[in-house]
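Report on one structure; see the data block that follows.
The values are calculated or read from the model by the stated rules, or taken from the named source; none is laboratory data. Note that the structure is a prediction, hence the values are computed from the model and not measured. Because the Cβ atoms are built from the backbone with ideal geometry, glycine has one as well, and the counts that use them run over all protein chains shown. When the accessible area is computed, the model is the full protein with side chains, heavy atoms only, and any ligands, DNA or RNA have been set aside. Shrake-Rupley method; radii C 1.70, N 1.55, O 1.52, S 1.80 Å.
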Amino acid sequence: MTKDEFNQWAEKHKLNIKQASKVLGISRSTGFKYANGSRPVSKSVEYGAEAIDLVPKEKSIKLIQKRLA
């Protein structure tokens, strides 16, 4: 996953980088490093994002909301 794909994933789910980081289980600072390209996106984060995209939209929305609570 490239930095652009990471940012597109966050935008697709209407999340800012801080929220995307929380949903994906990474620190805020790591999320910003992924977003600006100063650190490559880890495979585990990439797989987590892909897994969220694989579930039906209604379930992914509930999952995201739960992780942001």
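Considering the chain, the qualifying helices (runs of 4 or more DSSP H), each wholly inside and each with 1 or more residues that are at pLDDT below 95 and more than 11 Å from the chain's Cα centre (by Cα), run over 57-68.
The residues of the stretch 1-43 that are small (Gly, Ala, Ser), open to solvent by 20 Å² or more (accessible area, probe 1.4 Å) and within 24 Å of GLU58 (Cβ to Cβ) amount to a single one, GLY25. Considering each residue of the stretch 48-57 in turn, none proves to be among the basic types (Lys, Arg) and surrounded by 12 or more Cβ atoms within 10 Å (Cβ to Cβ).
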